[in-house]
1. Based on what the data block shows, is E221 assigned to a helix (DSSP H, G or I), under 22 Å from L149 (Cα atoms) and over 19 Å from the mean Cα position of the chain (by Cα)?
2. Before we move on, is I170 touching a residue at least 12 places away in the same chain (Cβ under 8 Å), surrounded by 12 or more Cβ atoms within 10 Å (Cβ to Cβ) and farther than 30 Å from C91 by Cβ?
3. Quick one: would you say K166 is touching a Ser or Thr at 6+ places or on another chain (Cβ under 9 Å) and part of a helix (DSSP H, G or I)?
4. Please specify each residue of the range 95-113 satisfying the condition of being at pLDDT 95 or above and outside any helix (DSSP H, G or I).
5. Tell me whether the range 138-151 contains one or more residues that are modelled with pLDDT under 95 and touching an Asp or Glu at 6+ places or on another chain (Cβ under 9 Å).
6. Would you be able to say whether some residue in the range 141-160 is over 26 Å from E97 (Cα atoms) and under 27 Å from the mean Cα position of the chain (by Cα)?
7. On the given criteria, is E75 more than 18 Å from I201 (Cα to Cα), free of Cβ contacts under 8 Å to residues at least 24 places away in the same chain and acidic (D, E)?
8. Checking D142 against (1) among the charged types (D, E, K, R); (2) assigned to a helix (DSSP H, G or I); (3) under 25 Å from G111 (Cα atoms), only one condition comes out false. Which one?
Amino acid sequence: MLAAAALVFAAPASATFKKEAPNSCIDCHKGLEDARLREPVALWSASVHAEVGNTCDGCHGGNPADTAKSSMAKENNFYAAPKKNEIVQFCGKCHKELSENFMKSEHGTTGEQTCIGCHGSHTIRRISIDIINEEKCSECHDYDEAEKLKNILQGLHGKFQESKSKAKMITGLPTEPLNKELDKVWTKLRQVRMISHTFDIPKVETFAQKTGESIDQVDIEITRLLDVVR
């Protein structure tokens, strides 16, 4: 069973991530009479997947360079749509660490929620703290825990952006070492975002606190350099 799943969800060899490449999937679907089959193209075209060049085959397999019918041939590993219990693994082809963290959460272990519940399917948008909101979260449960998570992430991002803005004010001094430190902090911040998909508030708080301390250390150096140039 696992071997079969691994085969089904293996990253398609034909995925090119090129916006300019001919794509029989898009050309065919956007001209179909059935609105249900046309809609995915319209939704996808406004998504971050389209923006970065991840086309239909990046998720569904197939060979978009082939004819519409041949592109869905078995040898092209075409997979139309995952069942609900397959969605996390489906998205995990590209978002491995996020999917692993998600499966540790109550959302994942109960199977009650999947990636598309918050992020959508064809309408995937750039990550934003606003994805966590009372209207969406309250469809399934109280907003309290989700709000805590949002506040942690929002506070950390705000703190980092404030330091980054201050760093841009430094003139006349070499800032490459400082920028490298800011990059390291950004990596830690991204890790907190990854861990947030466990929805384990104490764990997220622990990592957020350590990242906040790293931001404080960099901010001390930024302040020192600003004092020098003033």
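The values are calculated or read from the model by the stated rules, or taken from the named source; none is laboratory data. This one's a predicted model, so the numbers in the text were calculated from it and none came from an experiment. Backbone-built Cβ (ideal geometry, glycine too); neighbour counts: all protein chains shown.
1. no
2. yes
3. Spelling it out, K166 is indeed touching a Ser or Thr at 6+ places or on another chain (Cβ under 9 Å) and part of a helix (DSSP H, G or I).
4. H95, M103, K104, S105
5. Within the range 138-151, one or more residues are modelled with pLDDT under 95 and touching an Asp or Glu at 6+ places or on another chain (Cβ under 9 Å).
6. Within the range 141-160, one or more residues are over 26 Å from E97 (Cα atoms) and under 27 Å from the mean Cα position of the chain (by Cα).
7. Judged against the criteria, E75 is a match.
8. Result: D142 fails condition (2) only.
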